[in-house]
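A short write-up of the structure that comes next.
Nothing in this text is a laboratory measurement; each read-out follows from the coordinates by a stated rule. Predicted model, so just to flag it, every value in this text is computed and none were measured. Here Cβ is always computed from backbone atoms with ideal geometry, including for glycine, and neighbour counts include all displayed protein chains.
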Amino acid sequence: MTATNFENESLLVDGEDRGDVFYPPEPARLSRLQIEQFAQKARERLGFDFRKDDDLDEIVRHLGGQIVSVGRENKMSESGPVDSESSGLSYIVVGKGDKKFEIGLDKDLGPEQKRFDTAHELGHYLVNYPIVKKSGHDTMKAQGVGLGRADWEAQWFALSFLLPVDQLVKECQNLDFDLNTLCDNEEFSVPKEILASLVDIFKVEAFYVTARLKEIIKWPGLIQKTSVREVSPTSTET
Ligand SMILES: [Zn+2]
């Protein structure tokens, strides 16, 4: 293992069933753009359609995983913030039982937040778990959203996966919303009705739609750069 494990060390806990040790997600050290490209490929490969797919349950099943509902009473560990957009209860465990992985979602979350949390946990599975495996381990556990690199990567993955940049730009055009109006807008206030429509279309919370629009504005190259080569967490070094 490398020194980078250290940032998530608190997540290393003993397994309940077999005495297994669950390793924390390992950062793939991919750039923001590489994660963007990786998520785009993943979306194509998994056939995710943000319009048709109300949730990610089918994709999780297809990957051999299972989603379970958790309440505060059967919360798996004390780690993770409990007052962020996500409740901090959501988690992913790899290598426990006979499923490939298990994603736990706080039962009190709304469908939009469940969708985002699932995509975040899938980010850990697709981006970080290959690195854990590469270092010789076959278990992993991540819970909530922390401040470490691996969590940033999972968060980037979720944003990229759920809000395809070209589609978002297109929907803004359909809504007659000129993205350029956000360029000099210091508060970055997206008109309420536009934001509500985008939340409806992409089925993620306004917070994340705004975050994605911010990325597009502050990073104009994003639109041209996204249709390129293959990126994999284990083969690309930055
Ligand atoms: Zn996480």
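Exposure proxy ranking for Cys172, Cys183, based on other Cβ atoms within 10 angstrom of each Cβ and starting from the fewest, stands as Cys183, Cys172. With a threshold of 26 Å on the Cα-Cα distance, the over-threshold entries among Lys52/Lys134; Lys192/Lys218; Lys41/Lys141 are Lys52/Lys134.
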